[in-house]
Amino acid sequence: MSFMRGWTRVVVLVLVAVIALAAVYEIYQFQLTTQVAPIGKTLFQVSTYATMAAGDYYGKITYGELAKHGDFGIGAFESMNGEMIALDGNFYQITTINGVPQTVETTQTTPFAMVTYFETDQTLYVQEAMNYTELKAFIDSNLPTLDGIYAIKIHGTFETAKTRSVPIQTPPYPALLEVVANQTVFNLTNVEGTIAGYRCPTYMDGINVAGYHCHFITDDKTAGGHMLDLVTQNITIEIDHIQQYQTQNLP
């Protein structure tokens with residue numbers, strides 16, 4: 001079984017490299033169409049999503065180093081030990097132990113993360129019930145183009161918020177699909193909190209997640225995780241139009 005898993009990982013990593021090369025060209029074109037971006041308009045990413053999804057959960061950089069590139073974002077931890085969310089320069093870890101966010105130590109490491117210095121370019125308001133699918137469609141309808149990269153911050157009251165975290169893994173690491181099959185789900189009701197995440201265009205699929213990838217944390221810092229579903233009540237949506245994209249530790 002371990003022999004077959006090893007060959008499967010090799011094949012997946014080769015496919016990741018091909019996907020990454022194709023995506024790099026599209027990202028290069030994206031950067032050519034923008035002016036030199038100020039630091040607050042740059043998305044900094046560690047590794048690629050496809051690399052992590054194939055089972056590479058080894059830490060690439062410390063959170064102390066990651067914090068030098070942004071104060072807002074999402075990510076993972078070495079050995080997939082929970083979900084990360086960063087707001088206003090504060091980094092939190094949400095594990096399956098009890099789902100309560102813990103402050104991240106600067107020496108902890110990440111296999112995959114996305115951060116930026118958040119600057120609001122666009123603000124939207126929702127004062128009605130929307131599920132996650134409806135909310136994403138609403139945001140899409142208000143974006144200037146679906147070919148851009150956007151940082152998304154949503155704060156307010158949620159009738160429900162369904163989140164998850166994943167359990168810590170040991171080498172040889174399984175693929176992410178196997179890890180998620182054993183996820184812990186948290187069903188929250190009538191909570192106030194913040195969603196942090198990104199929307200990436202379809203041409204970035206593999207190097208990142210095409211579409212929305214968001215995490216959540218409650219205002220009282222008692223719960224959170226990777227966002228699975230929700231129902232809104234009264235929320236404010238802030239959107240940062242990313243102009244430049246940087247990566248580190250590509251496969």
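Laboratory data are not the source of any read-out in this text; all were calculated from the coordinates shown. Quick caveat: nothing in here was measured; it's all calculated off a predicted structure. As a convention, Cβ positions derive from the backbone with ideal geometry for all residues, glycine included, and neighbour counts pool all protein chains shown.
Structure notes:
- Highest-first packing order for the peptide set 96-107, 123-134, 234-245 is 234-245, 96-107, 123-134, based on the mean count of other beta carbon atoms within 10 Å.
- At full extension, A137 and Q122 could sit 3.8 nm farther apart than now, given 0.36 nm per residue minus the alpha carbon distance.
- Counting only Cβ charges, +1 for Lys and Arg and -1 for Asp and Glu, the dipole size of the range 122-242 around its Cα centre is about 240 debye.
- For the range 122-242, the fraction of C-alpha pairs more than 21 angstrom apart is 42%.
- Karplus 3J(HN,Hα) series, Hz, for the range 119-132 with 6.51 cos²θ - 1.76 cosθ + 1.60 (x for Gly, Pro): 9, 6, 10, 8, 10, 10, 10, 10, 10, 9, 6, 9, 7, 4
- For the range 165-241 versus the range 49-74, the gap between their alpha-carbon centres in whole angstrom: 15
- Look at S79, S47 and count the other Cβ atoms within 10 Å of each Cβ; fewest to most, that gives S79, S47.
- Ignoring lysines fewer than eight residues from K136 along the same chain, the ones with Cα atoms less than 30 angstrom from its Cα are K41, K68, K153, K162, K221.
- Mean sequence separation of contacting Cα pairs (under 8 Å, at least six apart), scaled by the length of the range 122-242, corresponds to a relative contact order of 44 percent.
- Among 223-231, 141-149, sorting by the average number of other beta carbon atoms lying within 10 angstrom of each residue, highest first, gives 223-231, 141-149.
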